[in-house]
Structure formats: structure tokens, C-alpha cells
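Shown next, in C-alpha cells, is the structure this report addresses.
The values are calculated or read from the model by the stated rules, or taken from the named source; none is laboratory data. Just so it is clear, the structure is predicted and the values come from calculations on it, not from any experiment. Neighbour counts are summed over all protein chains in view; Cβ atoms, including those assigned to glycine, are modelled from backbone coordinates with ideal geometry.
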Amino acid sequence: MDTYVSHLECSLTGEKYNKNEIHNLSKVGKPLLVVYNLDKIKKIISKEELHKINYNGFWKYSFLLPVDRDFRISLNEILTPLVNLENVKKSINSSGDIFVKDESYLPTSSFKARGLCLAVSMAKQLGIKHMAIPTNGNAGAALAAYCARANIKCTVFCPEDTPEINIREINALGAETYLVNGFINDCGKIVFDGKEETGWFDVSTLKEPYRIEGKKTMGLELAEQFNWELPDVIFYPTGGGTGLIGMWKAFNELEELGWISRKPRMVAVQSDGCAPIYKAWKENKEFADLWEDPKTVASGIRVPIAVGDFLIIRALNESNGFSITVSDDEILNDRDFISKQDGLLMCPEGAATFSALKKAIKQGLVSNNEKVVLFNCASGLKYPLSDVKSYIDKNKKVDYSKF
Ligand SMILES: *Cc1c(COP(=O)(O)O)cnc(C)c1O
């Protein structure tokens, strides 16, 4: 054994579970979280020793991850860059730095690679032969890619209006790919109901314990990239919330290791066409209701119900953060604005975090001298872009006066 996992624990009741068995949700139907033996980790590695590890990818943090060395699968993930939006910052009269953690550099061009790399690696270690997932696109592609690498059978269910490019990508990566006339939760029900008959393992968001450990590496990377002085606020486009919960878990583990002393405020950004977490947080509730008829161009956050709702809300409240919503118009305008200002074509979910920042500054929730991190969770090229209509006929005289 070369990990420091102590056991798994129910995120609601604290009940303990054996780390060597295959698990989905706890007995009360809530996510299981991995608990580490942090005292041991403290003794084997320091921040200084970590800096010296010459490995450009999140397996660098394997001492805080659950997979034994022999089962760590990799498609050459890299530590993703922090892009400083210098021109955008000037144009909104901000004196605080606005960084984008650009996750489009990961395999399959989205941060879903982090969670699914971990889930597939653990599945390999635990002897799982077939995995199935409901997805709005990016999770399916990442699962398909890592399953191909690990030689595990992969079955994917997407809402029929998932962006075409995602569906084709999943299929190209060898997954058995199905379109469903419903939303991601309808796809999730198909996966859940078929477990007995097919024997597949359900990799739905937070319904197995390891995707969150992969997403946790965003928090570990941020901490190291900022030299253990985390920024003031993190804006996260929140669907199932794995990333937000994962980063908060990372910060708590780092705090217990004594590597950081201050944690950022966490902000859950949602679309006003699908805002179950925002609504529950605003109403001071612990759990969220199903959002009827979810609509947004930001398909990654079109998640009408999240099994980790109370964990997202807990992280917002513990960190003194908040939830906020933005409209599709704001998202698309800001995507174009950032592209033209700073040359970074963000995905709509990523652009939503910038729309949310502007709104939060206006509402006095964030001051304009604070250091902020936004997330570009996927390549902007995976989404529909505007048509180009300007045309030149090579056989006619070109009218140069118009350029
Ligand atoms: C999945 C996804 C999200 C939401 O991430 P969660 O951690 O599940 O909340 C946001 N943006 C994109 C592009 C995604 O693929």
C-alpha cells in the first residue's frame, strides 16, 4: 500500500466505511468522502519537498490521493496555468488581480479529466470492469478517454440536446453512447436502475467517492501556484458541485497539515435558468429542491438536482462565501468581451464566473482590490460560436476601403 487513506466516511452521518471495498452512496444515500491519515502525511512530506518534485501533473499530489502507485492512470495531465486578465481588469477599473485557472489544457479539454482520472484509476484498483455515467458532455468524454486507457468498458447517457461536438467526442473515444429525451437526472435514473442487470458501476457526480478527490487537486494546485497564500475569492460555476466541494476539502486538509493559514471565500455561480443551489442557499436551507425545466447555454451547470447540495452550501457558509446567478445574455456577452480583451476564449460556464464577479463587485459582495480566481472549466471550442458572414469573391475587385 502506498497511500495514506484511513477510511471513507458518510458526509452526513460520519459513519465509517472500508476503503478496500467498492462503494457508491452511504446507507443514508449521501456522498462518501475519503479520510486521510494527515499526521502520517505531515511526517513524510513538507511543502519544500513537494516543490522539488519534478512532475508536471496532478499525480504530483498523490500523497493526498487514494490510488496505489501501480493503478495510477495518466493521459499526461498538466498543472494548468493561471491566466491574468490584465486588459479585462483595467476595463472594469479593478485594482485586484483577476486570474483564470485555465482547465482547457487537460485531456479531453475539460476539468472533468481530474475527477474521472481518479475514478477510473480507483475502479482499476478495485477490479471494476464496466462503468456508466449520465453526462452533459464533458464528464462522458473524460470517462470514455480514461476507460479506453484502462481497458474498462464504458457506457454514456446524455440529454439529447447535449452539444453535438461532445456527443461525437464521447463516441469517438469508444464509449457506447446513448441520447436520452430528458435532463441529466433522467439519464442518472437510467444508470441507477440498470445497475443490477448490467453490473456496471455508477460514476454519477458524487455517487462514488473518488471524482471529488480528483477535483480536489484544483485546490492543491492553486495553493502551490500561489505559494500557499490563497487568493481572497474563488468563483466556481456550480453544477453538481464536485469542484467546489473538492477544493474546500483540499483547503481543509492543507490547513490541517499546517501548510496554509487562510482559506478563500467560495462562490457558487449558477445560471438564472437553473439555480437550485442559489435558491436553497438564499432561503437558508440545507438541501435544495429539484429545479423544474432547467435552461442555460452553460450546459455544464445545467444540473437541476445535486446529491451534494448540502456540502456545497456548507462550504459557502463555512468560507463566508455566497451563491449568485447570471443570465445567458450576460454569459455570452462576457465570453465575447474577454476573448476580445485578453485573447482567452472561455467556455460559457467559465464566462459565467466573470459575469458573477462583475455583479458581486456591483453588489458590494467583493471589493475591486481583492485577488480573485475564476475557472475556465473547458475549452471554448467545444461550444457553438457565432457564424461568420463576411465574404470575398476572388474574381471581383476587392474593396479595400472597408478594412
Ligand atoms: C461539469 C462542468 C461544470 C460543473 O462542475 P461541477 O464540479 O460538477 O459543479 C462546469 N463547467 C463545465 C464546462 C463542466 O463540464
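Here's the yes/no breakdown for (1) surrounded by fewer than 19 Cβ atoms within 10 Å (Cβ to Cβ); (2) under 30 Å from residue 24 (Cα atoms); (3) within 16 Å of the ligand (Cβ to nearest atom):
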site: 302; (1), (2), (3): no, yes, yes
site: 338; (1), (2), (3): no, no, yes
site: 341; (1), (2), (3): yes, no, no
site: 384; (1), (2), (3): yes, no, yes
site: 403; (1), (2), (3): yes, no, no
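Look at the stretch 333-352: where a residue is free of Cβ contacts under 8 Å to residues at least 12 places away in the same chain and at positive phi and a partner is among the polar types (S, T, N, Q) and part of a helix (DSSP H, G or I), sitting 6+ places away or on another chain with Cβ atoms under 9 Å, you get 343/87. Residues considered: 373, 366. Of these, the only one that is outside any helix (DSSP H, G or I), touching a residue at least 60 places away in the same chain (Cβ under 8 Å), more than 18 Å from the chain's Cα centre (by Cα) and buried (at least 21 other Cβ atoms within 10 Å of the Cβ) is 366. Within the stretch 244-268, residues that are more than 16 Å from residue 224 (Cα to Cα) and touching a residue at least 12 places away in the same chain (Cβ under 8 Å) sit with their Cβ atoms under 6 Å from residues that are part of a strand (DSSP E or B) and not hydrophobic (A, V, I, L, M, F, W, C), at 6+ positions apart or across chains, in these pairs: 244/236; 268/323. Annotation note: Cβ proximity below 7 Å between a residue of the stretch 134-145 that is under 13 Å from residue 211 (Cα atoms) and a residue that is within 7 Å of the ligand (Cβ to nearest atom) and part of a helix (DSSP H, G or I) (sequence gap 6+ or interchain) occurs for 139/112; 142/112. In the stretch 130-165, the residue that is modelled with the lowest pLDDT out of those that are assigned to a helix (DSSP H, G or I) and surrounded by fewer than 24 Cβ atoms within 10 Å (Cβ to Cβ) is 164.
Is the stretch 207-218 home to any residue that is more than 14 Å from the ligand (Cβ to nearest atom) and either out of contact with any strand residue (DSSP E or B) (no Cβ under 8 Å at 6 or more places or on another chain) or charged (D, E, K, R) (or both)? Checked against the condition, which is being more than 14 Å from the ligand (Cβ to nearest atom) and either out of contact with any strand residue (DSSP E or B) (no Cβ under 8 Å at 6 or more places or on another chain) or charged (D, E, K, R) (or both), the stretch 207-218 yields no hits at all.
Return yes or no: is residue 208 modelled with pLDDT of 95 or more and part of a helix (DSSP H, G or I)? So residue 208 does not fit the description; no. Looking at this structure, is residue 121 crowded, with 24+ Cβ neighbours inside 10 Å, within 16 Å of the ligand (Cβ to nearest atom) and closer than 22 Å to residue 56 by Cβ? No, not satisfied. Residue 290 satisfies every condition listed in (1) buried (at least 21 other Cβ atoms within 10 Å of the Cβ); (2) at pLDDT 95 or above except (1). If you go through the stretch 232-267 and pick out every residue that is part of a strand (DSSP E or B) and more than 16 Å from the ligand (Cβ to nearest atom), you end up with 2. When the stretch 186-198 is filtered for residues that are farther than 13 Å from residue 24 by Cβ and either surrounded by 18 or more Cβ atoms within 10 Å (Cβ to Cβ) or aliphatic (A, V, I, L, M) (or both), the ones remaining, listed by number, are 187, 190.
Within the stretch 282-300, take every residue that is within 14 Å of the ligand (Cβ to nearest atom) and not in a loop (DSSP other than H, G, I, E, B) and give me the one that is farthest from residue 140 (Cα to Cα). Here the residue is 299.
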